[in-house]
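The values are calculated or read from the model by the stated rules, or taken from the named source; none is laboratory data. In this text, all values refer to a predicted model and were calculated from it rather than measured experimentally. Positions of Cβ are generated from backbone atoms using ideal geometry, with glycine treated the same way; all protein chains shown enter the neighbour counts. Quick note on the areas: whole protein, heavy atoms, side chains included, nothing else; ligands and nucleic acids left out. Shrake-Rupley method; radii C 1.70, N 1.55, O 1.52, S 1.80 Å.
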Amino acid sequence: MADEVKGKIKYYQGIEAVKKLIDETLEEGPEEQLCFGLNGYHISHPNNNWKQYTKKRIATKMYVKSIQPDLKHARVYKSRDKDELRLTRLVPNKKFPANCEVNIIGDMIALFTLHNNEPTGTKIYNKEMSQVLRSLFELAWERAKEYDDKL
């Protein structure tokens, strides 16, 4: 299920809808993707299409900067950074229990998570909101380097 408001806000519910949201992020072109959190969707849903998405993202040359909680699956994710056109910084899970993923690409913001074990997501096109989130990401990115260097 997907509901849309004037092409600016779109809500996604269910595994197929969230797969569509994730694929739609590739339509933003080769811009840099800023990512907060690697939520349980990637772990809990084996049919989540993540490997295919990553191959497509690499083909579009979309580079990712990612801040992740220091968990086993995030360390595995980080270990593939060089091959997957990405730079990941790990931060203490206590300080960043990321149960939702936020992606910022250009003026687009994509959020997705598991809600009651059902994938849900939202896509928003808003220049001002994306600028604020991008600024917050950059502030967190600076601090995340200190945490990541210690791990």
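Summary of values
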item	result
In the range 56-75, residue nearest to the chain's Cα centre (by Cα) [restricted to those that are modelled with pLDDT under 95, surrounded by 15 or more Cβ atoms within 10 Å (Cβ to Cβ) and within 17 Å of LEU151 (Cβ to Cβ)]	GLN68
Residues that are touching a Lys or Arg at 6+ places or on another chain (Cβ under 7 Å) and under 15 Å from ILE9 (Cα atoms), drawn from the range 86-108	ILE104, ASP107, MET108
Matching residues in the range 92-111 - criterion: being buried (at least 17 other Cβ atoms within 10 Å of the Cβ) and basic (Lys, Arg)	none
Qualifying residue in the range 76-87 (condition: in contact (Cβ under 8 Å) with a residue 40 or more places away in the chain, open to solvent by less than 60 Å² (accessible area, probe 1.4 Å) and in contact with a helix residue (DSSP H, G or I) (Cβ under 8 Å, 6 or more places away or on another chain))	no
Top-ranked residue in the range 119-132 [being surrounded by fewer than 14 Cβ atoms within 10 Å (Cβ to Cβ) and charged (D, E, K, R); ranked as farthest from ILE22 (Cα to Cα)]	GLU128
Residue list for the range 53-72, filter: in contact with a helix residue (DSSP H, G or I) (Cβ under 8 Å, 6 or more places away or on another chain) and more than 23 Å from PRO97 (Cα to Cα)	TYR53, LYS56, ARG57, THR60, MET62
Any hit, the range 69-84, residues being among the β-branched types (Val, Ile, Thr) and part of a strand (DSSP E or B)	no
LEU151, sole failed condition from (1) under 16 Å from GLY37 (Cβ atoms); (2) open to solvent by 30 Å² or more (accessible area, probe 1.4 Å)	(1)
Unique match (being part of a strand (DSSP E or B) and under 30 Å from GLU16 (Cβ atoms)) among LYS61, LYS65	LYS65
Conditions (1) touching an Asp or Glu at 6+ places or on another chain (Cβ under 8 Å); (2) outside any loop (DSSP other than H, G, I, E, B); (3) within 15 Å of LYS150 (Cα to Cα); number of the one not met by ASN93	(2)
